[in-house]
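Data first, discussion second: the structure below is written as structure tokens.
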Amino acid sequence: MRATEALLASYLDLARHLDPLRYPDESPQEIAHRLGRFDPASVHAHLGALRSIANALEDLDDVEELDDEVDRTMLLDSIRSDTVRLGGMLAGKSSNPALPLRHLNSALQVLMGEDFDAECEAALRERIAAVPAFLASLQDDARPAPGLILERARIEAARFADETLDIAAERLDDAVIQPSLVAIADHRAWLDDPGREGGPYGVGEEHVEARLATLGSEPLGAKGTLRLLELRRAGVERSLAAAAEELGASDPLACAQQLMDEAQPSTDIFDDYWADEWRRVGEAMREVGLPVPDAEPPAGPLDSADGWSMAGHAVRDHAARMMWVAKAMNPRPVRRLLRGPGLLDGWGRTVAALLRNSEAFGLPERRVMMSFLALRDCAAAEADLLLHSQAASPEELMARTQKIAGVRAEDARIILGDIAADPLHALGAALAHEAWQGWYAEIGGEPVPFVLKAMLGGGLAVPLARWALETSSG
């Protein structure tokens, strides 16, 4: 075993201890029996162990091959990113009670699918049994939480009580479920305490810039990154305007909103409509030479449920599945098991942009809504950067998001709630997308060969994948 692979194993053990859902591929079976650890004491201990692994990686002196150096850099960047992220969680004056509750819902629901068997049942029992202690540990964090994050935490808590535990009750006896029902009721009361709300959003520009140093290959800083995002948005706005012009519309945002309002499949046909569109898009992608895997359609996109937007969502979903399969087949453990920041979300956006003129979209209405969806992502990434660097208030960013992306006030609030509860996720996806777009713009050629080549990087962050693949082929 290479030294890097031994340190990778140590890192994965550590990361899965804190969050068993983070690196599920090839994980030991016992990982499925545990919940994550989000209390400050656990995070603090985790940070010390991360630094020890990083020091060992930096001290390696037997890395000679390019591929080994790429992999070491990927592992080291992953550890540095974790260190900055977790350090920010501890240093902030506010808490984030939404993130662990989202983890809790996912941790139980991932075990309760159609493939539910005896192993899943055993794991579910242990995770359910751990819920009261898990929730009690969250209450050890006495820091207040900003309003939007509390809203999202209350939504996740209600979802756990009214949906996740209901599904679990169909698989387990009442005696197993009852302690979790009591615990979540107590936790919801704790979240509703008027004294719980308060504190600032984000942890400031210095922390965000430390994270930015782990998300890209060039140290642009917060202001330079915002400018980069605004330039990408300008390109999306041009694409939206061009598609709207095909329909004779002079106001692209109004055109998109009209299409969204006029093409809402009714509830009784929504699932079938989505499944048909998802299959149509998958077949169109196969016809241009992409290895779209066979699968059953996922749940439909409720955040933009109009028929014209479904093509964009379907391309993104198929793209993510392609990347996941390519990643799982990569022979190098770092590239198979790790995942660069924003990798899957950024990849879906990239493939959609590259296939804009293919039959996957085919009609100007679909192209309008593909660009409208991308514009919303642009606005979210900019708001993510500005909120967490404390350069703008939530109220200012809601107004800004409405203006930029043409979304309604309630949708802008949802977007801000998402980025408040999951810091720098939207930004990471945007920067991954930007890196792929920049790579493609430099090498040119047909989109499909580029897509196939880029997937050979597996889970590498985009700059590292480009370094590895361009150097080896050049």
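Selection of region 14-52 for residues being more than 21 Å from G340 (Cα to Cα) and in contact with a Ser or Thr (Cβ under 6 Å, 6 or more places away or on another chain) yields only D39.
Table: residues versus (1) exposed (fewer than 15 other Cβ atoms within 10 Å of the Cβ); (2) of a type in the set (G, A, S); (3) not assigned by TED's automatic domain parsing to the domain that holds F361.
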| site | (1), (2), (3) |
| --- | --- |
| R211 | no, no, no |
| E218 | yes, no, no |
| G224 | yes, yes, no |
| R227 | yes, no, no |
| L231 | yes, no, no |
| A241 | no, yes, no |
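Residue count for region 242-294, restricted to those that are among the small types (G, A, S) and out of contact with any helix residue (DSSP H, G or I) (no Cβ under 7 Å at 6 or more places or on another chain): 8. Determine whether region 183-191 contains at least one residue that is in contact (Cβ under 8 Å) with a residue 24 or more places away in the chain, closer than 24 Å to I419 by Cα, touching a Lys or Arg at 6+ places or on another chain (Cβ under 6 Å) and surrounded by 17 or more Cβ atoms within 10 Å (Cβ to Cβ). Yes; the residues of region 183-191 include at least one that is in contact (Cβ under 8 Å) with a residue 24 or more places away in the chain, closer than 24 Å to I419 by Cα, touching a Lys or Arg at 6+ places or on another chain (Cβ under 6 Å) and surrounded by 17 or more Cβ atoms within 10 Å (Cβ to Cβ). Being outside any helix (DSSP H, G or I), over 25 Å from the mean Cα position of the chain (by Cα) and surrounded by fewer than 16 Cβ atoms within 10 Å (Cβ to Cβ) is a property that Q258 lacks. Within region 104-113, the only residue that satisfies the criterion of being assigned to a loop (DSSP other than H, G, I, E, B) and under 17 Å from the mean Cα position of the chain (by Cα) is V110.
Scanning region 437-458 for residues that are in contact (Cβ under 8 Å) with a residue 40 or more places away in the chain, surrounded by fewer than 24 Cβ atoms within 10 Å (Cβ to Cβ) and not aliphatic (A, V, I, L, M) turns up Q437, Y440, P447, F450. Here P331 meets the list (1) under 18 Å from the mean Cα position of the chain (by Cα); (2) of a type outside the set (A, V, I, L, M, F, W, C); (3) surrounded by fewer than 24 Cβ atoms within 10 Å (Cβ to Cβ) almost entirely, failing just condition (1). Within region 394-414, being without any contact (Cβ under 8 Å) to a residue 40 or more places away in the chain and outside any helix (DSSP H, G or I) holds for V407, R408. Given the structure, is L90 farther than 25 Å from G204 by Cβ and in contact (Cβ under 8 Å) with a residue 40 or more places away in the chain? So L90 does not fit the description; no.
Scanning region 1-13 for residues that are over 18 Å from P341 (Cα atoms) and among the hydroxyl-bearing types (S, T, Y) returns T4, S10. When S239 is tested against (1) touching a residue at least 60 places away in the same chain (Cβ under 8 Å); (2) among the hydroxyl-bearing types (S, T, Y); (3) over 16 Å from C378 (Cα atoms), just one condition goes unmet, and that condition is (3).
Put simply, of F116, F134 the only residue that is under 15 Å from R188 (Cα atoms) and either outside any helix (DSSP H, G or I) or in contact (Cβ under 8 Å) with a residue 12 or more places away in the chain (or both) is F134.
Residue-by-condition table, conditions (1) under 23 Å from the mean Cα position of the chain (by Cα); (2) within 22 Å of F372 (Cα to Cα):
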site: G204; (1), (2): yes, no
site: L215; (1), (2): yes, no
site: G221; (1), (2): yes, no
site: E230; (1), (2): yes, yes
site: A241; (1), (2): no, yes
site: P265; (1), (2): no, yes
site: D272; (1), (2): no, no
site: V288; (1), (2): no, no
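L344 - would you say it is under 14 Å from the mean Cα position of the chain (by Cα), of a type in the set (A, V, I, L, M), surrounded by fewer than 23 Cβ atoms within 10 Å (Cβ to Cβ) and in the same structural domain as L253 (by TED's automatic domain parsing)? Yes; evaluated as a whole, the condition is true for this residue. The residue that is nearest to the chain's Cα centre (by Cα), among those in region 127-183 that are more than 16 Å from L108 (Cβ to Cβ) and among the small types (G, A, S), is A153. All of R400, R349, R366 fail the test of being surrounded by fewer than 23 Cβ atoms within 10 Å (Cβ to Cβ), of a type in the set (K, R) and assigned by TED's automatic domain parsing to the domain that holds T214, apart from R400.
The values are calculated or read from the model by the stated rules, or taken from the named source; none is laboratory data. What you see is a predicted model; the values in this text were computed from it and never measured. Heads up, the Cβs are rebuilt from the backbone with ideal geometry, glycines too, and the neighbour counts pull from every protein chain shown.
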